[in-house]
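One structure is given below, encoded as C-alpha cells.
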Amino acid sequence: MMLREGLLLQVDPTERCNLACIHCYQRWCPRPPDLPDGEYLARLNELRNRYKPAVCIYLGGEPLLRPKLLAECVKLFPMNFIVTNGTIGPIPDYGPNALIWVSIDGPKAIHDRIRGRGTYDRIVRNLDDYGRPFAVTTVLNRLNWPHLVELVDEWAGRGACAFYISLHTPQAGRIDGLTLVGREREACIREVEKAWEGWPDLVVGSPGMFKSMLDGNLEGICPLARGILVCYDAAFNRRSPCGMMGNCRVCGLHYAHFLRAVEEGDEDALRWAQLLLGSLGKA
Ligand code: SF4
C-alpha cells in the first residue's frame, strides 16, 4: 500500500520551550519567532485545504505555551495529536478529537536527568488532573533504554492509552553520544519487542517496524522524506526531509519506521494505523 502525500501534517505552534532537554533536535533546527494567532490560523487553514490530512500533529517548541491558539487549531482537523512535555498545567481539555501525547523519557530519576529536575513529578500531577485519555511518547537513548519495560509498566498502570517508542536520532551527518548503534542498539530493540509483547494493546509497533528500527538506515526510502508526513516550522517554512532534520542512516523516529511497516502491509502496524489515524482507505 502506498500512502499519500500529506496524510499527516506536523506543525510547530511555537519553537519556544520551557525546558532544554539534552537530546532535543531543536538544538540544531532553525527557530523562527512566533506568528500572531490570526496569521498562524490562516496559514494552517491553507495547509488543511492543500493536504486534507487525517491528523494534524503539534510539536515545537512546547505547543501548550500557546493554549488559546491550539484551541482554534484543533477545530480545523478531524483528529489532532498534541505532543507536550506535560509540565505546564492544567493541561487543557480540547475535546475528543485531540489526543495529548506526553513525552516521558524514563522513570523519574532518568527522566529528570534528561529533561530537568522536578519535571517528572509535574507531569504526574498534571495528568492526574487531566480528565481524558492520554498517550505517552518516549525517546530511547544510551542513558534510558534499559529502563523501558519498567517505564511502560508504570504508565500502563497510570492509564495511558497508547505508547510510542522512538530511538534518539542525531543531527544529519553525525553520531552523538546518545545514539544507539551496534550491539547496544540490538539489545535496545530486544527491550522494545519485550515491551510490545507484554503490552500489545498499549505499545504502538509491529515486527516489521522493529526490524526497520534495528537497521535504522532509511536513506532514500524514508516515507517521511516522500512527504507522507509534511512538516512546517512556526513560521510555516517547510522542514525537509523531516521535522527533525536528522541523520537518515541511524534514524530512530517512530513514525518513519511505523509508516514503512504500514506500507509493507505489516498486520500489526495496519491495526495500529487504523486505530490512530482512522481509515487509511480515505487516505
Ligand atoms: S524521519 Fe526520515 S527524513 Fe527524518 S531523519 Fe529519519 S530517515 Fe531521515
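Tell me the net charge near Met209. Cut-off is 13 Å between Cβ atoms, Met209 excluded, with +1 for each Lys or Arg and -1 for each Asp or Glu. Surrounding charge for Met209 is -4.
In debye, nearest 20, what is the charge dipole magnitude of the range 8-276 about its Cα centre with +1 on Lys and Arg Cβ and -1 on Asp and Glu Cβ, if you could check? Don't skip to the end; give the middle numbers.
On the way: 31 positive and 32 negative charges, 133 e Å.
My answer is approximately 640 debye.
Expressed as a whole percent, the proportion of Cα-Cα pairs in the range 226-283 lying more than 18 Å apart is 42%. The count of lysine pairs in the chain whose Cα atoms are under 20 Å apart, excluding pairs fewer than 8 places apart on the same chain, comes to 4. One way to sum up the overall shape of the chain is the equivalent ellipsoid from its Cα gyration tensor, whose semi-axes run 25, 22, 19 Å, largest first. Here the Debye sum runs over all C-alpha atoms of the range 97-226 as equal scatterers in vacuum, and log10 of I(q)/I(0) at q = 0.13 Å⁻¹ comes out as -0.57.
Which chymotrypsin sites (Phe, Trp or Tyr not before Pro) in the range 12-58 sit in a loop by DSSP (not H, G, I, E or B) and have at most 16 other Cβ atoms within 10 Å of their own Cβ? Walk me through the numbers on the way to the answer.
Numbers: sites: Tyr25, Trp28, Tyr40, Tyr51, Tyr58; in loops: Trp28.
Passing sites in the range 12-58 are Trp28.
What per residue convex hull volume, in Å³, comes out for the range 124-197 when only alpha-carbon positions are used?
Expressed per residue, the convex hull around the Cα atoms of the range 124-197 is 105 Å³.
Arranged from fewest to most other beta-carbon atoms within 10 Å of their beta carbon, Leu275, Leu180, Leu70 become Leu275, Leu70, Leu180. With 5 Å bins beginning at zero, the pair-distance distribution over Cα atoms of the range 168-283 amounts to 2, 11, 20, 21, 20, 15, 7, 2, 0 %. In this Cβ point-charge picture (+1 for Lys and Arg, -1 for Asp and Glu), the range 135-215 has a dipole of about 240 debye about its Cα centre. The antiparallel fraction among DSSP beta bridges confined to the chain stands at about 10%. Rounded to the nearest whole Hz, the Karplus-based 3J(HN,Hα) values (6.51 cos²θ - 1.76 cosθ + 1.60, θ = phi - 60°) of the range 136-146 follow the sequence 10, 10, 10, 10, 8, 9, 5, 8, 10, 4, x, with x at glycine and proline. The alpha carbon centroids of the range 189-227 and the range 18-86 are separated by 25 Å.
No lab work stands behind these numbers, since they all come straight from the coordinates. Just so we're clear, the structure is a prediction, and the values are computed from it rather than from any experiment. Glycine gets a Cβ as well: all are built from the backbone with ideal geometry, and neighbour counts include every protein chain shown.
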